[in-house]
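Read the structure below first, then the notes.
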Amino acid sequence: MNRQSNLYTVIYASVLVLAVGILLSVVYQGLRPRQLENIDNDTKRQILAAALIFPSEGQSVADLYAEHIKGAYIVNSNGQRVDDNLDPFKVKVATQVKLPADQRKLPVFECETSSGLKYVIPVYGAGLWGPIWGYVSFNEGSATIYGAYFGHEGETPGLGAEIEKPAFSSQFEGKSVLAPDGQFTSVAVVKAGHELASGDFVHAVSGGTITSQGVQNMLYNSLEPYKAFFDNIKSSNPDNTSKS
Amino acid sequence: MKISKSLLPLVTPLSKDNPVIVQVLGICSALAVTAKLEPAIVMTISVTAVLALANVIISALRNTIPTSIRIIVQLVVVAALVVVVDQVLKAFAYDVSKQLSVFIGLIITNCIIMGRLEAFALNNRPWPAFLDGIGNGLGYGIILVIVAFFRELLGSGTLLGCQVIPQWCYEHGYANCGLMILPPMALITVACIIWVHNRKAS
């Protein structure tokens, strides 16, 4: 057969594309369950990291998650639990943060730690090159931040990408998103060396100004609808009144 | 040193015919993944694997491929291999695949791969084509690792994520050079390597 003829070319291309298509679908189907498990485990690892629990070498994240996360539910912007068949773990925070506050489904994960019950809340926003996200854990009784974890898709390595380092996220520990008078203020991210007149703040990543502003906006936008929920957990623990 | 002729495709790309600094291929990804050493190493392994396999497949098919669609055939083969590599990494090395994110997909556009398929695999038998793929992948990797070494050391003070510049230096006024992390310095570092390489060659 003439290898330069049109017929040969068309048949050759069709057979090749068909063969490649079959190969790729087999690979995809074969590896899919494993990939989904990896993604779930990664999310669980991030939720635990926000509550300052880190798996030791060789420890299964899924086991650790089952051990510490005692409850997960969805609240509305009035701080009430919503009876929903939706698994809080499967809520797409990326789409929720774009909705008006009163329509959002707000997932909460209850995490049992050595220093009491913590509430882990997902946050999501935009960095310089792409999405940034994170999980923030709050203390029962005082509604101050216990720990935070931030992740990003493609921030500049060494600059904006530093938000995922503990050096940045550990600054949030002990900060309050509520002002003493009960107003929601979030936590600001300000340039290192600068101060803020009122409200809690942390220092930005130097060289990562836009990413740092992204973190500030992400926290404000994602945490604001939880205001009523924060008020609830602040007054929920009667043991705490003796301490303050 | 005398090298047997059959091994030439493996050895020449390492220095004399290096894909990055002599053939000037694959510069784009050499700028993108060299801010840290670890992604540079993983990228080297992935590119070498894809290039060697694509070279073998194209070389085996070389007498059947219609000339008019040979570039498209090469693209389909390379794209399929890259997707397989990406899927395998996602299933078995999730952390690494997360770190490299878009760069794995960009292997398809790496000029070294199309360049070697056109220049070598289409005219040679599978075994030399395989050696050529490994050789060019490693030649690309050497440059990537050298550039990443300097960029990570001077830009972040770390190597493979471990701090190597002692805290003492920072306390006495040493500061990391933030410019090293930005893409322009990769270009300048590559240029310095080409300079040294040309001086040695002449």
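The values are calculated or read from the model by the stated rules, or taken from the named source; none is laboratory data. Note that this is a predicted model, so its numbers are computed, not measured. For neighbour counting, all protein chains shown are included, and Cβ atoms are generated from backbone atoms with ideal geometry for every residue, glycine included. Accessible surface is based on the protein model in full, side chains and every heavy atom, while ligands, DNA and RNA are left aside. Shrake-Rupley method; radii C 1.70, N 1.55, O 1.52, S 1.80 Å.
In a DSSP loop and with at most 11 other Cβ atoms within 10 Å, the trypsin sites (Lys or Arg not before Pro) in the stretch B:1-104 are B:Lys2.
Each other residue within a Cβ distance under 14 Å of B:Glu38 adds +1 if Lys or Arg and -1 if Asp or Glu, for a net charge of +1. Calculated on the alpha-carbon coordinates, the convex hull of chain B measures out at 140 cubic angstrom per residue. Restriction of the GluC sites (Glu not before Pro) in the stretch A:145-180 to DSSP coil positions whose beta-carbon has at most 16 other beta-carbons within 10 angstrom yields A:Glu153, A:Glu173.
When +1 charges are put on Lys and Arg Cβ atoms and -1 charges on Asp and Glu Cβ atoms, the dipole computed for the stretch A:89-244 relative to its Cα centre reaches about 300 debye.
In the elastic network of chain B, a GNM with C-alpha springs shorter than 10 Å, the most mobile of B:Ile72, B:Ile134, B:Ile108 is B:Ile72. Amide H contacts for A:Thr144 (H built 1.01 Å from N in the peptide plane; partners 5 or more residues away or on another chain; cut-off under 5 Å): A:Asn139. A straight line joining the Cα centroids of the stretch A:29-87 and the stretch B:30-108 runs 32 Å.
Rg/Rh for the protein assembly as shown (Cα atoms only, Rh after Kirkwood) is 1.06. The contact residues of the stretch B:83-131, meaning those that lose at least 40 Å² of 1.4 Å-probe accessible area when all protein chains sit together rather than their chain alone, are B:Val84, B:Gln87, B:Ala91, B:Phe92, B:Tyr94, B:Lys98. Counting only protein heavy atoms and a probe of 1.4 Å, the accessible surface of the protein assembly as shown is 62% carbon and sulfur. Sparsely packed loop sites in the stretch A:81-165 (the trypsin sites (Lys or Arg not before Pro) outside DSSP H, G, I, E and B with at most 14 other Cβ atoms within 10 Å) comprise A:Lys92, A:Lys98. The length gained on full extension between B:Ile194 and B:Cys28, counted as 0.36 nm times the residue separation minus their Cα-Cα distance, comes to 58.2 nm. Under a cut-off of 14 Å between alpha-carbon atoms, report the aspartates and glutamates in cross-link reach of A:Lys175, not counting same-chain residues fewer than 8 places apart. Answer for A:Lys175, where 14 Å is the Cα cut-off: A:Glu140, A:Asp200, listed by chain and number.
In chain A, helices alone account for a calculated mean residue ellipticity at 222 nm of -11500 deg cm²/dmol, with every DSSP H run of four or more residues adding -39,500 (n - 2.57).
By the scheme Lys and Arg +1, Asp and Glu -1, what is the net charge of all other residues having a beta-carbon under 12 Å from that of B:Val56?
After counting each charged neighbour, the total is +2.
Based on protein heavy atoms only, the protein assembly as shown ends up with 51 Å² per residue of surface accessible to a 1.4 Å probe. Taking label positions 7 Å along the Cα-Cβ direction at both B:Leu7 and A:Phe89, the computed distance is 5.3 nm, reported to one decimal. In this structure, the residue pairs whose Cα-Cα separation is over 24 Å, taken from A:Lys92/A:Lys234; A:Lys44/B:Lys36; A:Lys191/B:Lys98; A:Lys105/A:Lys191; A:Lys44/A:Lys70; A:Lys105/B:Lys90, are A:Lys92/A:Lys234; A:Lys44/B:Lys36; A:Lys191/B:Lys98; A:Lys105/A:Lys191; A:Lys105/B:Lys90.
Across chain A, Cα pairs under 8 Å and at least six residues apart give a relative contact order of 17 percent. Shown for the stretch A:27-41: residues covered by the partner protein chains by 30 Å² or more of accessible area relative to the chain by itself (probe radius 1.4 Å), namely A:Val27, A:Leu31, A:Arg34, A:Gln35, A:Asn38. Considering only A:Ser114, A:Ser206, A:Ser170, the Gaussian network model of chain A with Cα springs below 10 Å gives its largest mean-square fluctuation to A:Ser114. Given +1 on the Cβ of Lys and Arg, -1 on the Cβ of Asp and Glu, and no further charges, what dipole in debye does the protein assembly as shown carry about its Cα centre, rounded to the nearest 20? Taking the Cα centre of the protein assembly as shown as origin, the dipole is about 1880 debye.
Expressed as a whole percent, the proportion of Cα-Cα pairs in the stretch A:67-134 lying more than 19 Å apart is 38%. Interface between chains B and A: roughly 2200 Å² of accessible area buried, both sides summed (probe 1.4 Å, protein heavy atoms only).
Provide the FRET efficiency to the nearest 0.05 for the B:Cys177-A:Ile39 pair, computing r from the beta carbons and using R0 = 45 Å.
0.80
Computing FRET efficiency as 1/(1 + (r/R0)^6) for A:Arg32 and B:Thr158, where r is the C-beta to C-beta distance and R0 is 45 Å, gives about 0.80. In this structure the amide hydrogen of A:Thr113, modeled in the peptide plane, comes within under 5 Å of the amide hydrogens of A:Lys118, none closer than 5 places in sequence on its chain.
Shielding by partners for peptide B:155-164, expressed as the average number of C-beta atoms from other protein chains within 10 Å of each residue's C-beta, is 1.
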